[in-house]
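Working notes, beginning with the structure itself.
The values are calculated or read from the model by the stated rules, or taken from the named source; none is laboratory data. The model shown is predicted, which means the values in this text are computed figures rather than measured ones. Cβ coordinates were reconstructed from backbone atoms using ideal geometry, including for glycine residues, and neighbour counts include every protein chain displayed. Surface areas here come from the heavy atoms of the whole protein model, side chains and all, with no ligands, DNA or RNA. Shrake-Rupley method; radii C 1.70, N 1.55, O 1.52, S 1.80 Å.
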Amino acid sequence: MTGDILSRLPDHLVAEAKALDEGDPLAAYREEFVHTDAVVAYLDGNSLGRPLATTRGRLGDFVAEDWGERLIRAWDEQWMELPLHLGDRIGRVTLGAAPGQTVVADSTTVLLYKLARAALAARPGRTRIVADTENFPTDRYIVQGIAAELGLTIRWIEPDPATGVTAEEVRAAVADDTALVLLSHVAYKSAHIADLPAITRVAHDAGALVLWDLCHSVGLLPIGLDAAGVDLAVGCTYKYLNGGPGAPAFGYVATALQDNVVQPIQGWMGHAEPFTMGPSYTPSGGMRRFISGTPPVLGMLPMQDMLALIERAGVDAIREKSVRLTEFVIDLADEALAPLGVTVASPRDPLTRGGHVTLEHDGMQDAIAQLWQRGVIPDFRRPRGLRAGMSPLSTSFVEVATAMAHLHQILSGQD
Ligand SMILES: *Cc1c(COP(=O)(O)O)cnc(C)c1O
């Protein structure tokens with residue numbers, strides 16, 4: 001069937017897909033993931049990464065051993081430290097962060113709230129938050145809620161939806177009353193990569209702190225938080241870190257800032273001495289103070305397998321393959337799909353493009369419903385966007401070509 005559908009594409013692009021797979025130094029990693037025949041092409045690794053085959057055994061062993069046998073003793077033996085150990089590992093493998101600055105806890109949404117509030121408390125007297133209208137909804141809603149709660153104003157940057165926020169736009173938006181700049185590193189719709197080091201400098205020049213959302217960049221490209229002097233960051237672990245649905249997020253707070261900020265959800269697990277069960281709250285030193293309640297240990301298991309894989313493959317090699325994958329989608333779109341009215345709504349410059357490509361067409365919503373029925377799975381972004389997110393270690397070039405061939409057939413009305 002794959003052979004048939006690929007005949008819809010120009011021969012040289014099919015040959016190119018095969019050659020790219022053959023020359024792909026990371027091709028063998030694809031076998032490490034769970035695949036089923038019912039999924040013909042998966043282009044949503046940036047929403048929910050595929051499970052790794054080893055995750056099955058890891059979860060089973062956990063039930064039998066760590067949980068089943070060690071029982072409550074495992075809290076002392078390993079689980080109390082897990083959010084910090086795992087945070088350090090995420091920091092080392094993917095963030096360019098030295099130990100002691102990253103913790104795993106909560107959802108991205110809740111951590112955004114906690115870290116944004118912590119940052120604002122560290123800039124008393126400043127009354128403005130800078131954010132952008134193209135950011136993911138939860139980021140915008142959190143900013144709106146905090147502004148209403150604390151009586152602050154929001155300065156909204158309105159970036160070009162097909163690209164994203166620039167350092168110049170941030171420079172024009174910050175002033176000496178700006179407390180916090182909150183932006184995404186890679187835009188969830190367009191895939192635009194913001195200039196993280198330059199924008200961080202611009203925020204600092206104005207005396208503001210910066211909070212980066214790394215949901216669409218962590219595990220995909222080198223980040224370098226320490227090198228850029230970033231203050232705070234959060235990110236997902238169920239996207240390119242394959243942690244599974246609802247896996248907890250991570251938060252990063254630069255060492256220099258940590259002991260000067262407290263977060264607003266004062267729970268016992270962030271206490272300096274949780275088990276003294278004392279009358280009042282004293283925050284722990286270091287990153288533990290950003291934990292609120294009991295850590296979601298089960299949700300921290302699968303991502304460990306992906307971190308090992310990313311470390312083995314290397315983030316630079318992953319980024320290289322990601323650029324080739326997005327380039328190939330754009331080539332397919334330009335040559336095979338543009339005649340059907342499909343346009344590219346992501347940056348064409350690979351230096352400013354993350355791991356996904358958004359393609360637009362008036363009939364996209366209906367086309368995607370048909371693609372899903374065929375086991376071809378991208379996602380839909382209103383009003384007319386198909387977002388093709390290629391997780392580099394689990395996606396092949398032939399898989400991408402197959403998806404685009406199905407889209408071609410559907411949009412041609414010949415299915
Ligand atoms: C996926 C994503 C989130 C998700 O937040 P949750 O609390 O995990 O649901 C937040 N921000 C951005 C930019 C995202 O891409």
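SER396 versus (1) modelled with pLDDT of 95 or more; (2) out of contact with any helix residue (DSSP H, G or I) (no Cβ under 7 Å at 6 or more places or on another chain): which is the lone unmet condition?
(2)
Give segment 222-243 a look and list any residue that's more than 13 Å from THR102 (Cα to Cα), more than 10 Å from the ligand (Cβ to nearest atom) and surrounded by 24 or more Cβ atoms within 10 Å (Cβ to Cβ), or say none.
ILE223, TYR240, LEU241, ASN242, GLY243
Would you mind finding the one in PRO347, PRO339 that is assigned to a loop (DSSP other than H, G, I, E, B) and either modelled with pLDDT of 95 or more or surrounded by fewer than 17 Cβ atoms within 10 Å (Cβ to Cβ) (or both)?
Testing whether each residue is assigned to a loop (DSSP other than H, G, I, E, B) and either modelled with pLDDT of 95 or more or surrounded by fewer than 17 Cβ atoms within 10 Å (Cβ to Cβ) (or both) leaves just PRO347.
Residue under question is ARG117, and the condition is that it be farther than 28 Å from HIS356 by Cβ and within 16 Å of the ligand (Cβ to nearest atom); does it hold?
When the stated conditions are applied, ARG117 passes them.
Conditions (1) open to solvent by 10 Å² or more (accessible area, probe 1.4 Å); (2) more than 16 Å from the ligand (Cβ to nearest atom); (3) of a type in the set (D, E, K, R), marked per residue:
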{"residue": "GLY91", "(1), (2), (3)": "no, yes, no"}
{"residue": "ALA98", "(1), (2), (3)": "yes, yes, no"}
{"residue": "TYR113", "(1), (2), (3)": "yes, no, no"}
{"residue": "GLY125", "(1), (2), (3)": "yes, yes, no"}
{"residue": "GLU134", "(1), (2), (3)": "yes, no, yes"}
{"residue": "THR138", "(1), (2), (3)": "yes, no, no"}
{"residue": "VAL143", "(1), (2), (3)": "no, no, no"}
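Is segment 299-307 home to any residue that is surrounded by fewer than 16 Cβ atoms within 10 Å (Cβ to Cβ) and within 29 Å of VAL34 (Cα to Cα)?
no
Out of all the residues in segment 44-53, is one or more free of Cβ contacts under 8 Å to residues at least 24 places away in the same chain and either of a type in the set (Asp, Glu) or more than 16 Å from the ligand (Cβ to nearest atom) (or both)?
Checking segment 44-53: at least one residue is free of Cβ contacts under 8 Å to residues at least 24 places away in the same chain and either of a type in the set (Asp, Glu) or more than 16 Å from the ligand (Cβ to nearest atom) (or both).
Return only the number of the condition from (1) in a loop (DSSP other than H, G, I, E, B); (2) within 15 Å of the ligand (Cβ to nearest atom); (3) at negative phi that GLY246 does not satisfy.
The failed condition is (3).
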